[in-house]
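Please read through the structure below; I'll follow up with questions.
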Amino acid sequence: EAQVTQNPRYLITVTGKKLTVTCSQNMNHEYMSWYRQDPGLGLRQIYYSMNVEVTDKGDVPEGYKVSRKEKRNFPLILESPSPNQTSLYFCASSPLRVRSYNSPLHFGNGTRLTVT
Amino acid sequence: AQSVTQLDSQVPVFEEAPVELRCNYSSSVSVYLFWYVQYPNQGLQLLLKYLSGSTLVKGINGFEAEFNKSQTSFHLRKPSVHISDTAEYFCAVSRRRALTFGSGTRLQVQP
């Protein structure tokens, strides 16, 4: 089954304790992205990757890191989490079209992170 | 820069009634338009998309949307909703590498 898998689904941690949220897709998609969802703000892009070893900042990258060493995986790293990073996080992927970004995204089921 | 405005944060409606969820965007160039749906405790799923061609786009689950370039709108409609349509709906606009989401509209279908 084609899917984007995020782990864990729920995570409670304390300020400053490094954590990683994993994301894996089995559709051979070039494009992967991380979003955070907050009430009243919709989804905001954190980082995205156009292919292996190619990553770039989205709208809200501060406090986050990513890596893309393999095509299927795109982990999100919080080196020193803070309470304002409490949010619902989504990983998404899509094939990369040459002309423009018009390929629909496939989303994971989300990771609810609480930082106390 | 582009932006997306979803005019209603919540829309309550009775089962079998019609519904319209409004979306306006701002962009000085051509864009692609999407509607996504998010059911409780799930990720977003694509409902429909407008890339080019006919301005009336049909999606899954009986939803449709109309692209209106002069009004920069992409409103989502369904003639008769079901309880199972209760979810949050997001309008999104893309141009090149940037995909911008609206703040979402929560559709609450009541029996």
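Derivation of every value follows stated rules applied to the coordinates shown; laboratory data play no part. None of these values were measured; they are calculated from a predicted model. Cβ placement follows ideal geometry from the backbone for every residue including glycine, while neighbour counts extend to all protein chains displayed.
Return the whole-Å distance between the Cα centroid of region A:28-106 and the Cα centroid of region B:13-60.
Result: 22 Å between the Cα centres.
Across the protein assembly as shown, how many lysine pairs separated by 8 or more positions, or lying on different chains, have Cα atoms within less than 29 Å?
The number of close lysine pairs in the protein assembly as shown is 19.
If we count every other residue with Cβ under 10 angstrom of residue A:49's Cβ, Lys/Arg +1 and Asp/Glu -1, where does the sum land?
On the way: positive: A:68, A:71; negative: A:30, A:53, A:56.
Around residue A:49, the surrounding residues sum to -1.
Could you list which residues have their amide H under 5 Å from that of residue A:86, counting only those 5 or more apart in sequence or on another chain, with H placed in the peptide plane?
Amide H neighbours of residue A:86: A:115.
Same structure again: Would you please give the residues with an amide H less than 5 Å from that of residue A:103, counting only those at least 5 places away or on a separate chain, with H modeled from the backbone geometry?
The answer is A:97.
HN-Hα J couplings of region B:41-56 from phi, Karplus 6.51/-1.76/1.60, θ = phi - 60°, integer Hz, Gly and Pro as x?
Along region B:41-56, the couplings run 6, 10, x, 7, 10, 6, 8, 6, 8, 10, 10, 5, x, 4, 7, 9 Hz.
May I pose another question? Loop-only GluC sites (Glu not before Pro) in region A:54-116, please: DSSP not H, G, I, E or B, and at most 10 other Cβ atoms within 10 Å.
On the way: sites: A:62, A:70, A:79; in loops: A:62, A:70, A:79.
Sites meeting the loop and neighbour criteria: A:62, A:70.
Something else: Before anything else, pin down the relative contact order of region B:1-91: Cα pairs under 8 Å, at least 6 apart, normalised by residue count, whole percent. Each step should come with its number before you reach the end.
Numbers: 172 pairs, mean separation 31.0, N = 91.
Relative contact order here is 34 percent.
Can you work out the Karplus-derived ³J(HN,Hα) for every residue in region A:106-116? Use 6.51 cos²θ - 1.76 cosθ + 1.60 with θ = phi - 60°, whole Hz, and x for glycine or proline.
With coefficients 6.51, -1.76 and 1.60, one gets 9, 9, x, 7, x, 10, 8, 10, 10, 10, 9 Hz.
Taking a point 7 angstrom from the Cα of residue A:116 along the C-beta vector, which residues in region A:19-43 have backbone N less than 19 Å away?
What the label zone holds, given the 19 Å backbone N cut-off, is A:19-20.
When only DSSP loop residues count, what GluC sites (Glu not before Pro) in region B:22-111 have their Cβ near at most 16 other Cβ atoms within 10 Å?
Details: sites: B:64, B:66, B:88; in loops: none.
Answer by residue number: there is no such site.
Right, something else. Count the net charge of all other residues whose Cβ sits under 9 Å from the Cβ of residue B:77, scoring Lys and Arg as +1 and Asp and Glu as -1. Could the numbers behind the result be given before it?
Numbers: positive: B:78; negative: B:20, B:64, B:66.
Summing Lys and Arg as +1 and Asp and Glu as -1 gives -2.
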